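The structure appears right after this line, and notes come after that.
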Amino acid sequence: MAGEPWNRVHIPFPSAVSTVRIPFTSTTDSRVKAVLAEKDKVLKLIGSELLQTEIRVMYELLYILNNSYRGNKTFKGVKQVEQCINRLKMMKLEAALQDLTELCPNKIQRRAGEWDAPSQPFLEWLCLKVLGGGQLMSCSLSRCSRAFMLSKQQMKLEEFVILNVVITSMVSRLWVICRGILASLSSLYQHLLQLLGEVAEAHPMSFLKEFSLPVDMSQFLPPSDAFLQTRLIPQRKKQQEVQQGVKRKANEDLGVSINRGSFLKADLETFPQQH
């Protein structure tokens, strides 16, 4: 597994053009917008203040416990969570997603009929980055769960109760955040594949020779996380449909306003006057 291209910390950047000119269609426009929207969600989650706060708490906790609790199983479990977080930073996924923003056309270029889009080598390289990030989030989920169970066992034995309460709370919040990042990465990967198919049809320049990108990230993840993905993505779509329905209802005709002056005067007369 260590030799797989997606599992490398530094994936070699393709020595090819980063953009190609393709004809503009409404389908392409919608796919580019979907990719950029999902990309923004991933960046928002990775750079969120909540996640950064939990990471700082974890670093401080490990620094304080490094000498006295080094042989503790729970400490080792939290240390493994730290390794996943550090590896996510080292792979520079945020920088790759920001490069995607610069390569995608703006509104003025879209109106021209033909515009520059990310090339097939760049999109395949970015898909590898997203797959690697998804695998790291999957690993983080399992390690957060393991650290939680180890800490819970110590609490049952009434060992380091306050410390284990802090650890269980921290890894629980990290688990929820990592689950959200994994769901966003999975959705982003699907939209990237759709855009990749259109770009490859217009200007085929294959970058991956010995590795085939999976059709769905759920096929790439362990069964437990794949099952989680099948539950999360439909829930997100349902929430979007509900939000769209609320917006439609807000635009409906609410009827004619009624003059309530006479009723208000009658209601006020029922209150006793203060002297």
V130 vs (1) surrounded by 17 or more Cβ atoms within 10 Å (Cβ to Cβ); (2) among the β-branched types (V, I, T); (3) farther than 22 Å from A34 by Cβ: all pass except (3)
Is at least one residue of the range 36-57 in a helix (DSSP H, G or I), crowded, with 18+ Cβ neighbours inside 10 Å and of a type in the set (G, A, S)?
no
Close pairs (7 angstrom Cβ cut-off, 6 or more residues apart or separate chains): modelled with pLDDT of 65 or more in the range 108-121, in a strand (DSSP E or B) and of a type in the set (S, T, Y) anywhere
D116/T19; A117/T19; P118/T19; S119/T19
Need the failing condition index for P214 against (1) within 11 Å of C127 (Cβ to Cβ); (2) within 18 Å of the chain's Cα centre (by Cα), just the number.
(2)
Count - residues of the range 58-68 that are touching a residue at least 40 places away in the same chain (Cβ under 8 Å) and surrounded by fewer than 18 Cβ atoms within 10 Å (Cβ to Cβ):
0
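Okay, residues lined up against (1) of a type outside the set (D, E, K, R); (2) surrounded by 15 or more Cβ atoms within 10 Å (Cβ to Cβ); (3) in contact (Cβ under 8 Å) with a residue 60 or more places away in the chain:
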residue	(1), (2), (3)
K152	no, no, no
L157	yes, no, no
V161	yes, no, no
L174	yes, yes, yes
I177	yes, yes, yes
S184	yes, yes, yes
G197	yes, no, no
P222	yes, no, yes
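The values are calculated or read from the model by the stated rules, or taken from the named source; none is laboratory data. All figures in this text were calculated on a predicted structure; none of them were measured in a lab. No Cβ is skipped: glycine too gets one built from the backbone with ideal geometry, and neighbour counts run over all protein chains shown.
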